[in-house]
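Down below is the structure, laid out as structure tokens.
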Amino acid sequence: MNHKRLAQWSIGFVILIFISQAYLIVRLFQVNYTYLGKEVNTITQDVYTKDMNLRLAEQSVMGQPKVELLQKGAKVDTTGSFEGGFNVDKMKGVDKSSRVSILNICIELLLTKTNPMKLRSIDSLATILFKKDNIHTPFYTRIVDLKKDSILESSKPGMQLKSSPWVSIQSKNIPLNLTQDRVLQLVLLNPLKAVFTQMSGMLILSLLLSLFSIYSVFILQRTLARQKKLAQSKNDFFNHVSHELKGPVSVVYNAIDSLLNTKAIESVERRTHYMEISMMELQRMTANIDMILTLSMLEEGMFHLNRTEFSLPELIEELKNRYFISGTKSVEFVVENGMVNSVVYADRNHLYQCLSNLTDNAIKYSGESVQISYNLFESEGVFGISVIDNGQGIHDKDRERIFEKFERANSDTKSKGHGIGLSYVRQIVEMHGGTINVQSEWGIGSEFSIRFPRTN
Ligand code: ADP
């Protein structure tokens, strides 16, 4: 599967996750909302029954005949006497729930005169039941005249009779008179809050899952982009390497050809000149091959340093001479603090290649002429070299990145290069137990400093 297809699939997959999450949440909302409605009905009925029983008990204390409201499943007195309670089963021709309802109404009417229903008591009983069910949203109760469409009494005055189901849930009507137009209602306010509180665990989980899928797709896209860039850089790199190796070979070929086919071989001066050119090109080629081999060995963990003691100022002198011969630009070299304790213990060839890369860059990323300073310094067993130039400099945002393999500053589209030089330098310096850093200002110049322990 190619990168583009994989990216499209992953985005499609996230969209699918979102749609299924949304569907689940909507379904869950519907189920919870319906459940809340049923719960409001059950609680209203329970509260009403409890309140009526309480009022009946008070009635009996007050010396009135003892009447008890029977609930489903309760033991009934089959004598049908008023003293022992009503036997709803004996009322023929009316279905059982209607019979209970009619009896309730009768009892309610009976109680209205002596011990009428108080909405405040109903509210306090309902509060207990709602709390038990973990529902903490506000509610109120009211007595409504269905014929006149008006509120007769309310535990929360000022409320409207009708409102949208998003704003409140109204319980089923509990009739309070035989014509069933005077009813008790319980109204639960802010039902969405109650539903979302119930769903909070699921919502958090779903949010986490969505965030996780977005993050995974983001990582996948980034990895794919990096892989694509890496594949492109590797391709460019191989083209560049072939070109770089072909260059010296043709220069050497032409030099030898000139010596063999012209009278140039007879002139010592021209012979030396051709030889020097060939030597330099071969050195450049060897250095490039060495760097590529070293990077591949470093990658496979097979690279080892070959440390010896040598003089650092001498190494720098050698480097300067090389550029002196091969220079295409006007380059001025300055060596500062050259008298620093000169003998170091390091891999001479690779350190030379590192400094050579830094110098190449200082020349490459500068104008027509450039001044390069090598500053040697030493403190407490650590020695260091800074390569300072007055070239184009590096933008802040690129400074860390340029040490990564195949990374180049965004501004460098014109100069040739493939972003492996600094990666090589950093790895060699780190193999010596050292560090490299850069200070630079765009338009002013750059300073690359490497530090390593004198001995290890
Ligand atoms: P290359 O020079 O082949 O691109 P390097 O790894 O040597 O690769 O350098 C990485 C990038 O760092 C360069 O492309 C360039 O943008 C930036 N850079 C390195 N040295 C300098 C310097 N002395 N001045 C300005 N930019 C530099």
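The values are calculated or read from the model by the stated rules, or taken from the named source; none is laboratory data. Predicted model, so just to flag it, every value in this text is computed and none were measured. Ideal geometry is used to build each Cβ from the backbone, glycine not excepted, and the neighbour counts take in all protein chains shown. All accessible areas refer to the heavy atoms of the entire protein, side chains included, with ligands and DNA or RNA removed. Shrake-Rupley method; radii C 1.70, N 1.55, O 1.52, S 1.80 Å.
Results, tabulated for the structure shown:
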read-out: Qualifying residue in the range 184-195 (condition: in a loop (DSSP other than H, G, I, E, B), surrounded by 14 or more Cβ atoms within 10 Å (Cβ to Cβ) and touching a residue at least 40 places away in the same chain (Cβ under 8 Å)); value: yes
read-out: Single condition Y374 does not satisfy, out of (1) at pLDDT 85 or above; (2) over 23 Å from M431 (Cα atoms); (3) in contact with a strand residue (DSSP E or B) (Cβ under 7 Å, 6 or more places away or on another chain); (4) hydroxyl-bearing (S, T, Y); value: (2)
read-out: Test result for F448, within 12 Å of the ligand (Cβ to nearest atom), buried (at least 17 other Cβ atoms within 10 Å of the Cβ) and of a type outside the set (A, V, I, L, M); value: yes
read-out: Tabulated pairs, the range 433-456, first closer than 14 Å to A346 by Cβ and acidic (D, E), second within 11 Å of the ligand (Cβ to nearest atom) and part of a loop (DSSP other than H, G, I, E, B), C-beta under 7 angstrom, 6+ apart or interchain; value: none
read-out: Any hit, the range 156-171, residues being over 48 Å from the mean Cα position of the chain (by Cα) and not in a loop (DSSP other than H, G, I, E, B); value: no
read-out: Test result for V251, touching a helix residue (DSSP H, G or I) at 6+ places or on another chain (Cβ under 6 Å), touching a residue at least 60 places away in the same chain (Cβ under 8 Å) and assigned to a helix (DSSP H, G or I); value: no
read-out: Matching entry among E404, E378 (being free of Cβ contacts under 8 Å to residues at least 60 places away in the same chain and open to solvent by 20 Å² or more (accessible area, probe 1.4 Å)); value: E404
read-out: Any hit, the range 335-347, residues being open to solvent by 60 Å² or more (accessible area, probe 1.4 Å), within 16 Å of the ligand (Cβ to nearest atom), in a strand (DSSP E or B) and not aromatic (F, W, Y); value: no
read-out: Restricting the range 360-369 to residues that are within 9 Å of the ligand (Cβ to nearest atom) and either touching a His at 6+ places or on another chain (Cβ under 6 Å) or of a type outside the set (F, W, Y) (or both), the residue that is least open to solvent (accessible area, probe 1.4 Å); value: A362
read-out: Of all residues in the range 236-265 being at pLDDT 80 or above and hydrophobic (A, V, I, L, M, F, W, C), the one that is most open to solvent (accessible area, probe 1.4 Å); value: L260
read-out: Search result, residues across the range 402-438 that are modelled with pLDDT of 80 or more, of a type in the set (S, T, Y) and within 8 Å of the ligand (Cβ to nearest atom); value: S423, Y424
read-out: Selection status of I204, within 30 Å of R5 (Cα to Cα) and at pLDDT 90 or above; value: no
read-out: In the range 422-440, the residues that are more than 33 Å from the chain's Cα centre (by Cα), open to solvent by 20 Å² or more (accessible area, probe 1.4 Å) and on the phi < 0 side of the Ramachandran plot; value: M431
